[in-house]
1. Accessible surface of TRP287 in the full protein assembly, 1.4 angstrom probe, to the nearest 10 Å²?
2. Relative to the present Cα-Cα distance, how much length would full extension add between GLU404 and ALA177 at 0.36 nm per residue of separation?
3. Hey, can you rank 61-72, 340-351, 199-210, 76-87 by average C-beta count inside 10 Å, highest first?
4. Which loop-located GluC sites (Glu not before Pro) does segment 387-454 contain, where loop means any DSSP state but H, G, I, E or B and the Cβ has at most 16 other Cβ atoms within 10 Å?
5. Based on alpha-carbon positions alone, could you give the equivalent ellipsoid semi-axes of segment 315-447 from the gyration tensor, as √(5λ), descending, whole Å?
6. Can you give the FRET efficiency for SER71 and VAL28, using 1/(1 + (r/R0)^6), R0 = 35 Å, r = Cβ-Cβ distance, to the nearest 0.05?
7. Pop the C-beta distance of TYR458 and GLU414 into the FRET formula with R0 = 25 Å and round what comes out to the nearest 0.05.
8. Checking a compactness column here: for segment 376-492, what do you get for Rg(Cα) / (2.2 N^0.38 Å), N being the number of residues?
Amino acid sequence: METKGRLAQAVEQNQKLATVLQETRRRVTELRSELENLTRPPNAYGIVLGVNEDGSVDVHSNGRKLRVSTSPELEGLLKLGQEVALNETSSVVLARSHSSTGEVVTLKETLESGRMIVSTRTGEERVVNTAEALKSHSPRQGDSLLIEPNTDMAVEVLPTFPMPDLVLEEIPQVTYADIGGLDAQIEKITDAVELPFLHPEVFAEHRLPYPKGILLYGPPGCGKTLIAKAVANSLATKMAMAGRKGEPRSYFLNVKGPELLNKYVGETERQIRQIFRQARDRSTEGWPVIVFFDEMESLFRMRGSGISSDMESTIVPQFLAEIDGVETLRNVIVVGASNREDLIDPAVLRPGRLDVKIRIDRPDSEAAADIFSRYLTTDLPIARTAVEQIGGGETEKAVRGMIEQVVADLYSTEPRNRFLELTYEGGDREILYFKDWISGAMIESVVRRAKYLAVKRYIAGAERGITAEDLIESAGEEFAEFEDLPSIGQPGSWAKPASRKGERIIFARNLARSTEGTAAPSVERVRPGQYL
């Protein structure tokens, strides 16, 4: 029995040794394989330039053009422009997608045999081949393409509009009710923009085309941009109410002129083409598209003026080609805003391009009161003393009384409100008051300053709420910032937005400090209705 036990124990030990030996052999085999992989020559990468009938392929690798064989597993699968891996015998053993990095160019023209003429950022033109993956995308003129730099092969169409910040996908949350003192201008732009979209059959019956463009011009801060946003909102809402399917929708392409200026030749023109291309693409949905060019004079300055780098000699024709081009602008309205309309090229302003021109003037006293009522409302904290003394206990009446007081102070022609004395080339003089510089933006700033004064007073433990004195003091602070602004070196450029005379200004004298409390000098006033 003892002998049988020892024999069984020896058999068990032999089995364990056999198992360990097998595991050791397997591990040695794995290590030998890993060693071979580590000592194997590295694979080279290349780009497929062509696939031949005999199964071989032409590749570009390490600066050389080679004809190589392929692995049987890859036969019939390789495509032009694809990246492949080559083994030590220069055979294709692995296929990858095309390169994801390279040079960005612009497509100018498509040639036969899949070739294309492209333009680089420096303006140089090159002829490139087209990768197989790109042919199904049907690139169009002006598209941005990715070029594999070593093989001059276009491998990908990049997003056609790389400026998403220009597009407000949602309807701007600005309505006509948010704009005060511009009822007449709002009516004009409503007639010009909304009627053709709301009643297209009537316009078609009368063979009356809708306007291609609208120019809003006038002094800065008077509501030009607000009106453009309100148009997009109102147009989308009214079209939805008229029976258009889906949620109210419109597109507002907010193009700030200086953002498009680029030091590279042709780059600004390319971006203008992309803006109008996106407008056309989005207009196919049936909803209106408004292309808003803010600071329009910075882009479309008068050609040959000699006061810029002459970039406008190509930018202006590109804009004219887009607005007048063969591809008709349907459901697209171009709205431009400028406070120096005299600098815009006349070809841009002629009828048939910017058909409707609406001047946004500085508000008069009645319009100023209307604007104040948009920012100084009854739901704001109004001082109890103001409610009792001015409103007789009624908050709404107190707010109206406060607005009347501050408007009367702003539009007063007393000597303390004199600002500038302008001398014209013909010898005439003109006195400008603070009221000649009032704008909607300035009124908003006055109310905001008054709120700050009320908050500081309340934190310090005084009465809660806004008072009429806060508004009048804020108006004084607002205009005090203007005292040193007139440029005596270029008085004409600074004072022109407020002047009402057509002659050249040769001198501007600041009266804000020097004549306070004295009688106004005798000056020869301009005739009412004279053109500036």
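1. 20
2. 79.7 nm
3. So the order, starting with the most tightly packed, is 76-87, 340-351, 61-72, 199-210.
4. Those that pass, being in a loop and sparsely packed, are GLU394, GLU425.
5. Taking √(5λ) for each eigenvalue gives 42, 25, 9 Å, largest first.
6. Here the calculated transfer efficiency is 0.75.
7. For R0 = 25 Å, the calculated efficiency reads 0.20.
8. Scaled against compact globular proteins, the figure is 1.28.
The values are calculated or read from the model by the stated rules, or taken from the named source; none is laboratory data. All values reported here derive from a predicted model rather than from experimental measurement. Here Cβ is always computed from backbone atoms with ideal geometry, including for glycine, and neighbour counts include all displayed protein chains. Ligands, DNA and RNA are stripped out before the accessible areas are found, and what is left, the full protein with its side chains, is counted by its heavy atoms. Shrake-Rupley method; radii C 1.70, N 1.55, O 1.52, S 1.80 Å.
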